[in-house]
Amino acid sequence: MEGFLRSSSAALKRGSEEHSGFHVVLGNEACDVDSMVSALSFAYFLFKTSGSSGRTPVPVLNIPRANFPLRTDSVFLLRESGLSQENLVFRDEVDLPGLHRVGRLALTLVDHNVLPSTDSDLEGAVVEVIDHHRLERAPSPSCPVTVETVGSCATLVAERIVQKAPEVLDRQVAQLLYGSIILDCVNMAPEAGKSLQNAKFDVSGFTTEQMLLKDMKAVSGGDLRVAISAVYMTLDAFLQRRFLQQELCEFCHKHCFDLLVAMTISFNENSEPFRQVAVYSSSTLYREEVSRALERAQNPCLSLSPMSSPYADVKAYLQGNTLASRKKLLPIIMDFLCDWEQRSTRRAGSGDSEVLEEEEEVEEEEPDDGHDSSRSSGVDEDARTPPRLVEGCPLDNGMAPISHQALLEKFRKMAAASEEVVGEEGTSEAL
């Protein structure tokens, strides 16, 4: 893989006309381990199978290069796999809109299935999607979509490689995929992925801004732009940072956010996840509206209990539903933003006071009936069983020592299991 990364990076930098174009595999804006590994592995698969229609496959990490050292778990996994950061391509090093304008870009999305509004002009270049989040993309005959609710997007990439070209799984590729899967599905075997978890939670010496940028996603709706950050410490420790409210204000101002939702995660003495949530905004309206949406959420129910906060602009909560990760919180915020955008449009057309009075009446008289029947139960259906890989997953009984032979054997078993399911039912199913 090292040679592939070096040559694809060099080809992109040259931008030579001898290439018919580039097939960029792009991860999401959080650029966590799963996103990075999925982009690297799938681009390498395209390269080895000549599956890019003459275009040069290039994995692109969707953050500036300067932010990569904040992804301590990604840095660790690359180093352990013997890959160099120097041969990676980052978002600030490639002009994707420029390539698209001259017809030299094909785009595969991994670990997300819709482009953010800032990249909407690239939509015409998207030729495939592989993701494990909630499907938001409209169907299109020109863009095949693979979306399965597994614990890791790397699972779907590994499944594709095993089914189509198992010889691509050399030591480096297998270790990257295995490490990502273990990290995202660590609840299958609590002892698994300990080194990666330690690297992921190492925020020693980080500034508040770096902590928030380390694992952040941005969403927007109407006039409201929201940052959602995973913070790897307890909320109590986070709130005790000196000048925190001032730093949060400066962070939002610098990065043009109206509101910040921080989900902290740590582990108790039994190695069980412990989650807390903080909502910050200098606007009382924004802060209260988003907090109310999180408190009332039923799909999933977060089971939030108010905590004391030393800052007037920060609302703090203990999250009772520890299985609801940031991935589950994100759709709640996105649903809120869709509603907010609709209300903003109505206010613009009807006058603020009239619409606000109408909304207050609805809140008092009509209960929230949700979007589907599962919301009324208050149960997160995904939380009933922990994320798994595929049927007959070899990791269900814990992690074996990571070696070249062990990794290949596990993926061969995954391939055999997939073939059995295909033979019996006609399709390969993932949990």
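The values are calculated or read from the model by the stated rules, or taken from the named source; none is laboratory data. Note that the coordinates shown come from a computational prediction; the quantities given were computed from them, not determined experimentally. Cβ sites come from the backbone with ideal geometry, for glycine too, and all protein chains shown count toward neighbours. Heads up: the accessible areas ignore ligands, DNA and RNA and are worked out on the full protein's heavy atoms, side chains in. Shrake-Rupley method; radii C 1.70, N 1.55, O 1.52, S 1.80 Å.
Per-residue extension of 0.36 nm, minus the Cα-Cα distance of Tyr311 and Glu247, leaves a gain of 21.8 nm for this segment. Distance check, please: which entries in Lys164/Lys327; Lys48/Lys328; Lys200/Lys328 exceed 24 angstrom between their Cα atoms? With Cα atoms farther than 24 Å apart: Lys164/Lys327; Lys48/Lys328.
Pop the C-beta distance of Arg296 and Gln210 into the FRET formula with R0 = 25 Å and round what comes out to the nearest 0.05. So, using R0 = 25 Å, E works out to roughly 0.15. Label separation (Ser53 vs Phe274): 5.3 nm, computed from points 7 Å beyond Cα along the C-beta direction. The listed peptides 207-217, 63-73, ordered by packing as a protection proxy, come out as 207-217, 63-73 (highest mean of other Cβ atoms within 10 Å first).
Note on Gln85 and Thr149: the model spin-label points, each 7 Å out from Cα along the C-beta direction, lie 3.7 nm apart. Taking every alpha-carbon pair under 8 Å whose residues sit at least 6 apart, region 66-174 reaches a relative contact order of 18 percent. When region 43-191 is described by a simple charge dipole with +1 on each Lys and Arg Cβ and -1 on each Asp and Glu Cβ, the residue from Thr49, Pro116, Leu96 located farthest towards its positive end is Thr49. A 1.4 Å probe run over region 1-57, with the rest of the protein chains in place, finds 35 Å² accessible per residue.
When you filter the chymotrypsin sites (Phe, Trp or Tyr not before Pro) in region 247-321 for DSSP loop state and at most 16 other Cβ atoms inside 10 Å of their Cβ, you are left with Tyr311. Annotation note: GluC sites (Glu not before Pro) in region 240-269 located in DSSP loop regions with a Cβ neighbour count of at most 10 within 10 Å are Glu269. Here the accessible area is traced with a 1.4 Å probe on the protein chains. For region 1-147, carbon and sulfur cover 52 percent of it. Here region 154-295 has 48 percent of its accessible surface on carbon and sulfur atoms, given a 1.4 Å probe and all protein chains in place.
Bridges between two residues of region 221-349, per DSSP, are antiparallel at a rate of about 75%. Legend: calculated FRET efficiency, Asp202 to Lys254, from the Cβ-Cβ distance at R0 = 30 Å, rounded to 0.05, equals 0.80. Solvent exposure of Glu123, expressed as accessible area, is near 80 Å², computed with a probe of 1.4 Å over the protein chains only. Taken about its Cα centre, region 1-80 carries a charge dipole of about 240 debye when Lys and Arg each add +1 at the Cβ and Asp and Glu each add -1 at the Cβ.
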